[in-house]
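The values are calculated or read from the model by the stated rules, or taken from the named source; none is laboratory data. It should be emphasised that the depicted structure is a prediction, and the values quoted were computed from it without experimental measurement. Virtual Cβ from ideal backbone geometry, glycine too; neighbours counted across all protein chains shown.
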Amino acid sequence: MVAGPAWWERAACAGAPLEIFFEDYRARGNSRAAVLCASCPVTEQCLQDAVRTESQQYAGPWGFRAGRTASQRRSYGTLRRSA
Ligand code: SF4
């Protein structure tokens, strides 16, 4: 087993099935993933990690993560790199 970052242990989605982040990835406020993210204490760390790691992936962002859709994370990453 590979250890994740320390903040991951406080994630609201720890132990949740991965598929919930892909079942309705366009949902912004009422999907199961969105509800988890809304109560998560490490959303900022998750977002920074998502932007960093997803920019290195060929397919780019996919699914719902860090309280944002893939499109929202892509826009956030583009803005951050241009700032
Ligand atoms: S912000 Fe969402 S995806 Fe990220 S760790 Fe928290 S619950 Fe999981």
Open item on the list: If I ask for residues that are touching a helix residue (DSSP H, G or I) at 6+ places or on another chain (Cβ under 7 Å) and acidic (Asp, Glu), which ones from the range 32-83 would you list?
Closed with: 54
Open item on the list: I'm trying to understand the selection: among the residues of the range 12-39, which are at pLDDT 90 or above, in a loop (DSSP other than H, G, I, E, B) and under 11 Å from the mean Cα position of the chain (by Cα)?
Closed with: 13
Task: the range 24-39 - residue that is crowded, with 18+ Cβ neighbours inside 10 Å and within 20 Å of residue 10 (Cβ to Cβ) and, of those, farthest from the ligand (Cβ to nearest atom) - done: 34
Open item on the list: Quick check on the range 48-83: of everything there that is part of a helix (DSSP H, G or I) and among the charged types (D, E, K, R), which residue is nearest to the ligand (Cβ to nearest atom)?
Closed with: 49
